[in-house]
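> Dropping the structure in here first, questions after.
Every number in this text was worked out from the coordinates using simple rules, so none of it is lab data. Computed from a predicted model, the values in this text were never measured in an experiment. Methodologically, a virtual Cβ is constructed for each residue, glycine included, from the backbone with ideal geometry; neighbour enumeration extends over all protein chains shown.
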Amino acid sequence: MEKLYKILLCACLVLGISACQKKVWDEHFNDDDQHAVVSPLNLLDYLKTVPNYSRFVEKLEELGVAEQLTRDQNLSVWVVTNAQMDRLASMGLDERYVMLYHINHLTFDFTKLKAGTRVQTLNGKYIQVERTSETIFVGDSYISNGNQLCRNGVVHEINELMRPDESIYDYLSALGDDYSIIRDSVLALNDTVFDEQNSIPIGVDPTGNTLYDSVFVITNPIFEVANFRSEFAQVTLFLPSNAVIEQCFENLGELYEQFGKAFTPADSLIAYQWIREAVFYGQIIDDYGSQRDLVSAFGKFWRTDIQQVDPNFRRMSNGRIYEITHLKIPNNVHIQMIKQLFHYWEFVPEGDKPALFTLHNVTDIVPTNRDHVTFPTLGIELTYRTLMIRGDLVAGQPASIDFTPVLLEQRPDGSSGYRVVEVPPGEYNLYMGFRSSAHPFVNIYVDGKPVTMNLNVVPATPWNYDRATNTVPGTRYNGWGGLVGPVVIEGDQVRSFRIKVEFAGLSSGSIEQMEPYHWALVPTQNNY
């Protein structure tokens, strides 16, 4: 009796398992493909039964690929009709490479073809799947008659032969001279290294060293954060042409001239490095502009409202490429400091001064030589020259100078003149320096707005001239000075601005005497 019970129990389990398997099978093929028909034939034999697929089959046989479709493995085939096979010759690609792109491992019936799915083909490349309510797109084609299930896979008829997508690496490597700047700056980082793990030992040399059938691989530091060579990665590249980069650099040169700095090779290197690190993203970006701020694989900020690209991206096998149409190096990247001296007042003709300098309760204003210093490591010797501003000590009438900053300009005849300083709009930290010894307190304004009040500039560090904060390494030369506070230069284009220095009380002495030396604007991280 016990033996009979066990037999009946086993029979019930077998029936239960069979019923479950049938349910799973039905759900697998009927969830999203009500019209699926299963053929008992293998994929190749099924394709041969359809006359309109004969050219596709002939090409598979010619290239030695057809046998793949007879094996005991699950595959998906993306077939085209005879009329669509003409495209193969016009692609200019290896035909076997293209035909292998139309076959992939695993059975991707309609239930598996979800939007965003990436299907790896037998040539190693991926096909991107997208869906609408009525259409399934694969690569640059769509399924016109699909979901024919066979003994070892599924056949989908697509409207035209697909052109295999290139990887971003292959596309970049093949770019012409119009893109040589970005191409060469990226590929220059390549290094070919011996891959011992994948090399096959083939013997030993007379000294006992192993000989290998050597395998070499390409490495690049960019691969570590955005592997644009790997088919498994998902990368976006913003691609600048030479013309775009050259225009960017021309704009930089003009901008530097406006605030009195030469655009040097060192500045170029900073710009080139930022470009190389700002254009690679370790993700797919399909909706450029939906976010204002993007962060590159190297942590560089990319403002979509400032950097302009063609929104019609190029789909790649491992990502996207957008063509840049306008490129700007952020202010906080290429501007280290905008700095000028107060005593340049003396190079402004008397007739021009009323428009540039507004004085209040000032009895005397004199450019004055002060301390003399040398910096042997730099081979520099200089005398600090301040702008001494004196006024009467009158209650409620503080002495002040409100001025438009100017820079020193050498004329063709060798004489010195001036030019108004113009700076890009945005947020900066304002630094200043004074002859700090026994200096009165001061109020500082920019464009009429107070930056700081009752500022004590007596401490030599950081207020004495420009000898503190971010000086030339190893010296006390050409620093920022003391931090006054953050300021915003408003507007949407490069412009001049005003600085006001106002007497705010005595630290010692009996007269109002201010001696400003320099001002400096340093862009903040918010200044793009």
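> Answer with a single label: of (i) 87, 59, 58; (ii) 117, 67, 55; (iii) 105, 83, 48, which was calculated as Cα extents along the principal axes in Å from the structure in view?
This structure yields the entry labelled (ii).
> Provide the per-residue ³J(HN,Hα) series for the stretch 428-439, in order, calculated from phi with Karplus coefficients 6.51, -1.76, 1.60 and θ = phi - 60°, each as a whole number of Hz, with x at glycine and proline positions.
Result, ordered by residue: 9, 9, 8, 10, 9, x, 9, 7, 6, 4, 6, 6 Hz.
> Roughly speaking, what is the stretch gain from N209 to V494, that is 0.36 nm per residue apart minus the C-alpha to C-alpha distance, in nm to one decimal? Show your work: numbers first, answer last.
Numbers: separation 285, 0.36 × 285 = 102.60 nm, distance 6.57 nm.
Result: 96.0 nm gained on full extension.
> Let me ask something else about it. Taking 0.36 nm per intervening residue step and subtracting the Cα-Cα distance, what contour gain separates A438 from L483 on full extension?
Extra length available between A438 and L483 comes to 14.3 nm.
> Using a 10 Å cut-off around each Cβ, can you sort D466, D392 from fewest to most neighbouring Cβ atoms?
Values: D466 27, D392 11.
Arranged by neighbour count, lowest to highest, D466, D392 become D392, D466.
> Taking 0.36 nm per intervening residue step and subtracting the Cα-Cα distance, what contour gain separates T49 from N454 on full extension?
On the way: separation 405, 0.36 × 405 = 145.80 nm, distance 9.30 nm.
Length gained between T49 and N454: 136.5 nm.
> Kindly provide the GluC sites (Glu not before Pro) of the stretch 285-366 that DSSP labels as loop, not H, G, I, E or B, and whose Cβ sees at most 11 other Cβ atoms within 10 Å. Show your work: numbers first, answer last.
Details: sites: E323, E346, E350; in loops: E350.
Loop-located and lightly packed - E350.
> Only four residue types carry charge here, +1 at the Cβ of Lys and Arg and -1 at the Cβ of Asp and Glu. Report the dipole size of the stretch 432-512 about the Cα centre in Debye, rounded to the nearest 20. Can you show the working numbers first?
Working: 7 positive and 6 negative charges, 41 e Å.
It comes to approximately 200 debye.
> While we're here: Between L408 and K328, what is the FRET efficiency for a Förster distance of 35 Å, r being their Cβ-Cβ separation, to the nearest 0.05? Working shown, then result.
Working: r = 28 Å, r/R0 = 0.80.
Efficiency, rounded to the nearest 0.05: 0.80.
> Another one. Find, among the GluC sites (Glu not before Pro) in the stretch 78-140, those assigned to loop by DSSP (not H, G, I, E, B) with at most 13 other beta-carbon atoms within 10 angstrom.
Numbers: sites: E95, E130, E134; in loops: E134.
Of the GluC sites (Glu not before Pro), the ones in loops of the stretch 78-140 whose Cβ has at most 13 other Cβ atoms within 10 Å are E134.
> Here's something else I'd like to know. Straight-line reach from K261: which aspartates and glutamates fall under 16 Å, measuring Cα to Cα and dropping same-chain residues less than 8 apart?
By straight Cα distance, K261 reaches E250, E409, E422.
> State the answer as a single residue: which of N82, F228, Y53 lies farthest towards the positive end of the charge dipole of the chain, with beta carbon charges of +1 for Lys and Arg and -1 for Asp and Glu, about the Cα centre.
It is F228, whose Cα lies furthest towards the positive end.
> What aspartates and glutamates could a cross-link reach from K449, if we take a straight Cα to Cα line under 13 Å and drop same-chain neighbours fewer than 8 places away?
D402, E490, E502
> What's the center-to-center distance, using Cα atoms, between the stretch 374-436 and the stretch 154-195 in Å?
Taking the Cα centre of the stretch 154-195 as reference, the centre of the stretch 374-436 is 53 Å away.
> Next question, about the same structure. Residues with amide H under 5 Å of N42's amide H, sequence separation 5 or more or different chain, H placed in the peptide plane at 1.01 Å from N; which?
Under 5 Å from the amide H of N42 lie the amide H atoms of R151, each far enough along the sequence or on another chain.
> Treating only the Cβ of Lys, Arg, Asp and Glu as charged (+1, +1, -1, -1), what charge dipole size does the stretch 170-334 show about its Cα centre? Round to the nearest 20 debye.
Details: 11 positive and 23 negative charges, 95 e Å.
Dipole about the Cα centre, nearest 20: 460 debye.
> Let me ask something else. Using helices alone, I'd like the mean residue ellipticity at 222 nm for the chain: each DSSP H run of four-plus residues gives -39500 (n - 2.57), total over residue count, nearest 500.
Details: 12 runs with 111 residues, N = 528.
Helices in the chain give a 222 nm mean residue ellipticity of -6000 deg cm²/dmol.
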